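**Student:** My questions will all concern the structure given below.
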Amino acid sequence: MAFHFIASTGRTATTYIAAALNALPGVVACHEGYAGSDKDAEPLLPLINLENARAYQLPSSAEATVAEKRSPEIIADALAQSGAETLIDIAYYNPMFASAMLAAHPQAKMIGIIRDCESFVRSSTTLDGEDPMPVGWADPAKPLTRREEFIALGRIKPRRKTDDKAAWDGWSAIQRNIWLWRETNLRLIEAQSTFPERVLILPFERLKQDPQHFWDAIASHLDLPEISEKAHHGKGKFTNTKAFGYQIEAAAAWSADERQLLHESVEQVEEKLAHVS
């Protein structure tokens, strides 16, 4: 029996990846707690969406959540229910629990998927209308639906008494989502630094540019059988496009402050990544 997990900012084809991995023999892959991303069924794993924000604020909270909802006993029970030999948990909130889960499960391995910051921000920023997949912070002036408000309860934001917290109220949605990208990916890199043999960082763009290499890397790191072309397209062809399109322009059209934060954040993540790779 084995347990592994995949972590990212979201907007990195995690639903598609979960469906593809769930098609492998002997594997059950959950997307945000639901086997094969089937939200019509009962979740296989306890949901921890709302614990995400507190885990960022307080690392000891992450450890408590893992002990309660991702313990070896919980994982063993989920494997028994599914009848699978390997359980893979895939979620945008896993970065905040990554180090705690690796510590609690000494045999577990993790894959972190990092997407280009500009494309993540464009994909996750909503200026108007309801966002069916509200991964990022919407425009501060946009009225939120009840669902968007609920999901926002678990989204990370700056800690109290920090420079980022002082600037937060004056930031645009673009700046807030640059910050979200930076802080989430720094947690992935932190996990890799702490558990270098057990964490693999994959560029999201490789899924489009060299999909076979992307899948081979996942299979090799997680000790899975070869992932076939059929599994690549377990739920249809990969697209990762937003249903109603991007609502913000490319970075060249952003304000000077937004571009500056983009530059600084990308530089910080790339520097940390280079240090541990």
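**Student:** Enumerate the pairs (first residue in the stretch 10-24 and touching a residue at least 12 places away in the same chain (Cβ under 8 Å) and at positive phi; second residue anywhere and buried (at least 21 other Cβ atoms within 10 Å of the Cβ) and β-branched (Val, Ile, Thr)) with beta-carbon separation below 7 Å, excluding pairs fewer than 6 apart on the same chain, so at least 6 apart or on different chains.
**Tutor:** Going by the 7 Å Cβ cut-off, the qualifying pairs are Gly10/Val135; Arg11/Val135.
**Student:** Still on this structure, I have one more. When the stretch 158-206 is examined, which residues are found to be more than 29 Å from Tyr246 (Cβ to Cβ), surrounded by fewer than 21 Cβ atoms within 10 Å (Cβ to Cβ) and β-branched (Val, Ile, Thr)?
**Tutor:** Thr162, Thr194
**Student:** In the stretch 82-199, which helices (runs of 4 or more DSSP H) lie fully inside it and hold 1 or more residues that are touching a strand residue (DSSP E or B) at 6+ places or on another chain (Cβ under 8 Å) and farther than 24 Å from Asp223 by Cβ?
**Tutor:** Per the criteria, 173-194.
**Student:** For the list (1) surrounded by fewer than 17 Cβ atoms within 10 Å (Cβ to Cβ); (2) under 16 Å from the mean Cα position of the chain (by Cα); (3) small (Gly, Ala, Ser), I need the number of the one condition that Ala29 fails.
**Tutor:** Evaluating Ala29 over (1) surrounded by fewer than 17 Cβ atoms within 10 Å (Cβ to Cβ); (2) under 16 Å from the mean Cα position of the chain (by Cα); (3) small (Gly, Ala, Ser) leaves (1) as the failure.
**Student:** Looking at (1) at pLDDT 95 or above; (2) more than 22 Å from Lys272 (Cβ to Cβ), can you tell me which one Glu130 breaks?
**Tutor:** (1)
**Student:** To continue, here is another question. Go through (1) surrounded by fewer than 19 Cβ atoms within 10 Å (Cβ to Cβ); (2) in a helix (DSSP H, G or I) for Tyr16 and report which single condition fails.
**Tutor:** The single condition Tyr16 does not satisfy is (1).
The values are calculated or read from the model by the stated rules, or taken from the named source; none is laboratory data. Only a predicted model underlies this, so the values are computations on that prediction, with no experimental measurement involved. Don't worry about glycine lacking a Cβ; one is built from the backbone with ideal geometry, like all the others, and counts go over all protein chains shown.
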